[in-house]
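Here is the structure we will look at.
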Amino acid sequence: MLDFNDKYSEYLRYFEESLDKKLSSLYKTAPSVIKDAMAYAVEGGGKRVRPVLCYATCEMLGGNITDVTELALAIEFIHSYSLVHDDLPSMDNDDYRRGKFSTHKQFGEAIGVLAGDALLNFAFEILLSKKDITDGYINAAKIVADYAGYGGMIGGQVLDLLSEKSVRSDEKTLYDIYINKTAKLITAPILAASCVTGGKHFDALKEYGSDLGLLFQITDDLMDAFGTKEEIGKTPHKDEAENKLTSIKVFGADGAKEKARECYLNAKAVIEKIDDIGFLTAFTDKMFQRRS
Ligand code: GRG
């Protein structure tokens, strides 16, 4: 297998090419401002973690990345819309994202709301644009809709908002928020790739996605608490300022690092049992190492 960084760059190149093609297919007649805001939100600065997980899982299971082009794009569009809406004044109220102004700050609040809506609609247009749709692909698309929706990411965001006004700061509430708000959209591309390659290792990959998603969110908490604006590309220390229920609040900084380690070890144990060709194991290592 190629070196991890080379392989990641190869996946990024493929993603950016398919993204450019999709963005250039936006209707010429649509208002420029909405197309500019959509492109601004989805282009540049993102790590593309979810598409990379989709491609890597697909290849690990014997598929070709072209089998999941639309799934990977749609998930990144959904992820981008969620960031645009999360940054709005009525939600997390952040002026910065990916090292630049957040979309509503750049284009105004109304266009920010509409750009998020348009990205979500476009995600499903992309999903439905695939030729030769199989039953496996339909199952994959259902998982994307479900995991991003009220029973997944949106539900988790609601729990997160409610937690700001609550005195509860228990592990179970935290887990419900993290699994739904973050881990489901990390798990969706992995399970989508399993579905299109015949449902291989579905249950094990679901477990892997949950652990990886929890690890991802806990390291994000640590970076918010200990990182700088330059390092994280957005305003740091907001969780504490807004009384967010985070892993640091529940377990303390050392406890959160310990939880990150537990999730990391669980994720690694699962992925090593599957016939991983090395990339996802290395990906899991990198995810763990990014904590401050
Ligand atoms: C508004 C419906 C709605 C949902 C919002 C995504 C989200 C739910 C909230 C954003 C805040 C947050 C802490 C989300 C957890 C997931 C997370 C760490 C997102 C950032 O994802 P990265 O690091 O971002 O993959 P890039 O910029 O690399 O794409």
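No value in this document is a laboratory result; all are computed from the given coordinates. Since the structure is predicted, the reported quantities are computational estimates derived from the model, not experimental observations. Quick reminder, even Gly has a Cβ in these numbers, built from the backbone with ideal geometry, and neighbours come from all protein chains shown.
Which of the chymotrypsin sites (Phe, Trp or Tyr not before Pro) across the range 150-179 are loop residues per DSSP, with 14 or fewer other Cβ within 10 Å?
Answer in residue order: Tyr150.
Computed from the C-beta positions of Lys286 and His237 and an R0 of 25 Å, the FRET efficiency is 0.55 to the nearest 0.05. Amide H contacts of Tyr96: Ser102, Thr235, each under 5 Å away and 5 or more positions distant or on a separate chain (H built 1.01 Å from N in the peptide plane; Pro and chain starts excluded).
Using 0.36 nm per residue and subtracting the Cα-Cα separation, the extra length available between Met91 and Ser9 on full extension is 26.2 nm. Inter-part distance, the range 6-31 to the range 266-280, computed on C-alpha centroids, equals 29 Å. The simple spin-label model puts a point 7 Å past each Cα toward its Cβ; for Tyr175 and Val33 those points are separated by 4.7 nm. In this structure, the amide hydrogen of Gly149, modeled 1.01 Å from its nitrogen in the peptide plane, lies closer than 5 angstrom to those of Ile154, counting only residues at least 5 positions away or on a different chain. Computed from label points 7 Å out along Cα-Cβ, the spacing between Asp132 and Lys206 is 2.9 nm. Using θ = phi - 60° in the Karplus curve 6.51 cos²θ - 1.76 cosθ + 1.60, the 3J(HN,Hα) couplings for the range 132-139 round to 6, 6, 9, 4, x, 5, 4, 4 Hz; x is entered for Gly and Pro.
Could you tell me whether the chain comes out rounded, prolate or oblate from its Cα gyration tensor? Rule is a ≥ b ≥ c as square roots of the eigenvalues, rounded for a/c under 1.5, then prolate if a/b exceeds b/c, otherwise oblate. Judged from the Cα gyration tensor, the chain comes out oblate (a/c at least 1.5, b/c at or above a/b). Distance between the modelled labels on Val158 and Thr228, one decimal in nanometres: 4.1 nm (7 Å Cα→Cβ projection). For the cross-link pairs Lys47/Lys131; Lys21/Lys238; Lys7/Lys238; Lys200/Lys259, the ones whose C-alpha atoms lie over 31 Å apart are Lys21/Lys238; Lys7/Lys238.
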